[in-house]
Amino acid sequence: MNHFKPYFIIIKSILFYLFDSMVLWRNPSLQKNKLELVLLIRQDAIGDFVMWLDTAKEYRELYPSENNRIVLVGNAVWFDLAKGLPYWDEVLPINVKKFKTFSSYRSNILRKVNSFGAQIAVQPTFSREFYHGDSLIRASNAFQKISSIGDMSNRNWLKKTLADGWHTELIPASQEPISELERNTEFFSAIRGTSHTQCYPVLGINKACSPLYQEKQFFVLVPTASLNLKMWSTDNFAELAEKIFQKTSWQGIICGTEEEFIIGDRIRHQCSAPLKNMSGQTSLPELSQLLSQSQLIISNDTGTAHISSAVGTPTVCILGGGHFGRFAPYPDLPGQTNYFNTVYHKMACYGCNWECVYHLKKNEPAPCVSNISVDVVWQEVEKIIEDGKN
C-alpha cells in the first residue's frame, strides 16, 4: 500500500486544486476598503505561533494603522490568544482539520478570504502546506502574494509547482538548518529590507487579573504532546513531582486538554505529592495567565512550553530529536534571558522528522525521549529552584 501512497497524494492534490478552482471561479463581491488591506496567513500550531510573535509584532509598524488594516488568517486553536494582541485589527480563525476537506466549510472560508479584497497577502511559514496556507494565499487574489521559498517537508514536486505559481514573490531562505526564531527573522528582514534584531518571543499577560489558582507558589506539569513519540512516561512525571514537593512544599498543577484529563489523573494517582488536575479547565488566555503565576513548568515538547517561556516563567522542556534545533533548543541571544531550558538524550538518529527508525509498541515514546532519566531532568529543575532562592 505504501508503494501507491505518492500517487494517492498526487490525485488528492489535483482534486483539491480543482475543487478550489470551482469555488473561486465565481468571485464574490469584494468588500470596499477605506484602508489598504493586508492579510497575514499563519496556519501552524500553537508553538509556531508563539515563536513567531517576535516578528509578528513588527508587521504593525511595517503596515501602520493609519493606512492599513491587518487581518490575521489564523489557526482556530490559538485564536483566543491571538485576538487579544494589538498587532492586527481582526483575526479570522480556521479549523484546519475541517478546512482540509471537500466541504462547504472550505468553500465558505475560501470565499471569505477572497472577498476581503486584500492588496497584500503574506505567509511567513517556512514549511508551507499546500492545502492550507498556500491555498489561502491563492484565494486572497491579492496584488502582492508573498511567502517563503520554504522547504519540501510538507510538499512534493506537484504541490510546489502549483503553489509557487500562485505567488508574486517568494522570499529566499537559508538552506542551512537554523531555528524557527532565526527563520522568522530572516523572512521579516527580507520583507522590510532592513535587518531585524532577533529577540525571544514575549507574550504580555495582564497580571492584574484575579489569579486562577490561589496557592502563592506552585509548579505546572504538562505530560502530554501532539505525538505519543514525544511523551515522557507518567511514572517519570509522578516521580519528578514528588522530588519537587519534597524540596519546595509547592503544590503541583497538571495542564492539558479535556481529552488528556485521564493522563493527568493517572499521574495524580501514581504520586504521593499533592497535585491538582486542571486539564481542559482553562482557555488558552487563562492557561497563559496560570503559567505566568507559576514558579516553574516541566513540559514535554508542546506549545505550552513555548507559552510559559514567553510569559517569563522558567521552563524545562523534555525534548526528543525529531526536530532538534529547529523549534528547540532556542539559540543563545546575548544580553537576553532565555526561560526555555531543554533536557535531551542525544542520539545518532536525531533529525528524523519524527519518523522513528525504531520498531515501537503502540503509544510508546521514542527512545530519544524514554532514555531521558528523572535524575537528569531533576538536575535542571533543582538548578532553577536554587536560582529562585538567590
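Each reported figure results from applying straightforward, stated rules to the coordinates on display, with no laboratory input. Worth saying up front: this structure is predicted, and the values here are computed from it rather than measured. Glycine gets a Cβ as well: all are built from the backbone with ideal geometry, and neighbour counts include every protein chain shown.
With an a/c value under 1.5 for the gyration tensor axes a ≥ b ≥ c computed over the alpha-carbon atoms, the stretch 213-312 is described as rounded.
Applying a threshold of 32 Å to the alpha-carbon distances of Lys12/Lys112; Lys112/Lys160; Lys57/Lys97; Lys112/Lys159 flags no pair as lying beyond it. Here the spin labels are modelled as points 7 Å beyond Cα on the Cα-Cβ line, and at Val376 and Glu364 they lie 1.9 nm apart. In this rough spin-label picture, where each label sits 7 Å from Cα along the Cβ direction, the Ile149-Gln336 distance is 2.5 nm. Please quote Rg/Rh for the stretch 309-390 to two decimal places, taking the Kirkwood radius as Rh and restricting both calculations to Cα atoms. With Rh from the inverse mean 1/r over Cα pairs, Rg/Rh is 1.02. Only one item in (1) 65, 54, 39; (2) 80, 53, 47; (3) 61, 47, 36 matches Cα extents along the principal axes in Å derived from the coordinates shown, and that item is (1). For the pair Leu15 and Gln175 in one chain, pulling the backbone fully straight at 0.36 nm per residue adds 54.5 nm over the alpha carbon distance. Between 0 and 90 degrees, the angle of helix 46-56 with respect to the longest Cα principal axis of the chain falls at about 70 degrees.
If R0 equals 51 Å, the separation of the Cβ atoms of His269 and Tyr7 corresponds to a calculated FRET efficiency of about 0.60.
The C-alpha atoms of the chain define a longest principal axis, and helix 261-270 lies at about 10 degrees to it. Assuming a ≥ b ≥ c are the square roots of the Cα gyration tensor eigenvalues, decide whether the stretch 120-267 counts as rounded (a/c under 1.5), prolate (otherwise, with a/b larger than b/c) or oblate. Prolate is the answer for the stretch 120-267, as a/c is 1.5 or above and a/b outweighs b/c.
Need one word for the stretch 6-77: rounded, prolate or oblate. Basis is the Cα gyration tensor (sqrt eigenvalues a ≥ b ≥ c); a/c below 1.5 gives rounded, then a/b vs b/c decides. It is oblate, given that a/c is not under 1.5 and a/b is not larger than b/c. Using the Cα coordinates of the stretch 1-158, the gyration tensor eigenvalues translate into equivalent-ellipsoid semi-axes of 27, 19, 14 Å, sorted from longest to shortest. Less than 11 Å from a label point 7 Å out along the Cα-to-Cβ axis of Asn108: which backbone N atoms in the stretch 14-47 qualify, by residue? Answer for the stretch 14-47: none.
Summary: within the chain, the longest segment free of trypsin sites (Lys or Arg not before Pro) located in DSSP loops with at most 13 other C-beta atoms within 10 Å is 35-206. The helix-based estimate of mean residue ellipticity at 222 nm for the chain, built from -39,500 (n - 2.57) per DSSP H run of four or more residues and divided by its residue count, is -11000 deg cm²/dmol to the nearest 500.
Helix 374-389 axis versus longest C-alpha principal axis of the chain: approximately 90°, rounded to the nearest ten. For the pair the stretch 11-52 and the stretch 326-361, the centres of their Cα atoms are 32 angstrom apart.
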